[in-house]
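Read through the structure below, which is laid out as structure tokens, and then see the notes.
The values are calculated or read from the model by the stated rules, or taken from the named source; none is laboratory data. Everything quoted here is computed from the prediction, not taken from an experiment. Ideal geometry is used to build each Cβ from the backbone, glycine not excepted, and the neighbour counts take in all protein chains shown. Side chains are part of the model used for accessible areas, which takes the heavy atoms of the whole protein and leaves out ligands, DNA and RNA. Shrake-Rupley method; radii C 1.70, N 1.55, O 1.52, S 1.80 Å.
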Amino acid sequence: MIIKVCGMAEPANIRGLVDLQLVDWMGMIFYPPSRRYLPGFQVAPEFYRNIVLPKVGVFVNASAAEIQEAATTYGLDRVQLHGDESPEQVREVKQQTGLPVIKVLRIGADWAWEGLENYEEPVDFFLLDTDGPSYGGTGHRFNWGIGKQYPFHKPFLLSGGIQEDHVDELVDLYRSCPQMAGIDINSKFELRPGVKNLDLIRIFASKIRQQLEKTNE
């Protein structure tokens, strides 16, 4: 299971996350209204370029040129699109950056999969998150059972209000959904915007790894 921790920014906190050796991807946010907007922390981009943990840049309705510039400046390994990007815009970002692309699907109460088929070809992953009044995570969960109805071949990540006591439920869902590749955590593991509670992440990620190891025995 891929474990992605999103909204990272502060250098010492990032070093601690890397040292845990329990996380697969790290998300960094490039959406100016966000409290976790990476350039707003005024850290030299060289620091981020040298991070060995794969870095996912999160963008909202940014142009392919803007994303390409950020990818080069900060050494991004993947791009996550969290806005209203069309399949054509997703394809343009992928072609211009040469990076794998994650497209977020914001799931509300009246969710339907119809009309999303054109995204499957250009994306590498979908990310299922809770819909809200603004772009970005809400800290709330949607009906995760929707994942069992997932109709596409491309893998997906699950997000939206994930917290420490969801381990059993997440592992069960992972076992029952062949296309589920992992999870994306953020606000429920946060001390303040851009700084995570590393002890909580260590406990959570360790429990998941242990349960999955038991499954494979």
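The sole residue among Gly16, Gly40, Gly27 that is over 17 Å from the mean Cα position of the chain (by Cα), surrounded by 14 or more Cβ atoms within 10 Å (Cβ to Cβ), under 21 Å from Phe204 (Cβ atoms) and among the small types (Gly, Ala, Ser) is Gly16. Residues in region 78-94 that are without any contact (Cβ under 8 Å) to a residue 24 or more places away in the chain and open to solvent by 50 Å² or more (accessible area, probe 1.4 Å): Asp84, Glu88. The set of residues in region 190-217 that are among the aromatic types (Phe, Trp, Tyr) and surrounded by fewer than 18 Cβ atoms within 10 Å (Cβ to Cβ) is empty. Is it the case that Ala71 is aliphatic (A, V, I, L, M) and open to solvent by less than 20 Å² (accessible area, probe 1.4 Å)? Taking the combined requirement at face value, the residue satisfies it.
Looking at region 93-132, which of its residues are of a type in the set (A, V, I, L, M) and part of a strand (DSSP E or B)? Across region 93-132, the qualifying residues are Val101, Ile102, Val104, Leu105, Ile107, Leu127, Leu128.
Quick one: which residue in Ser176, Ser187 is touching a residue at least 40 places away in the same chain (Cβ under 8 Å) and open to solvent by 20 Å² or more (accessible area, probe 1.4 Å)?
Ser187 is the lone residue from the list that is touching a residue at least 40 places away in the same chain (Cβ under 8 Å) and open to solvent by 20 Å² or more (accessible area, probe 1.4 Å).
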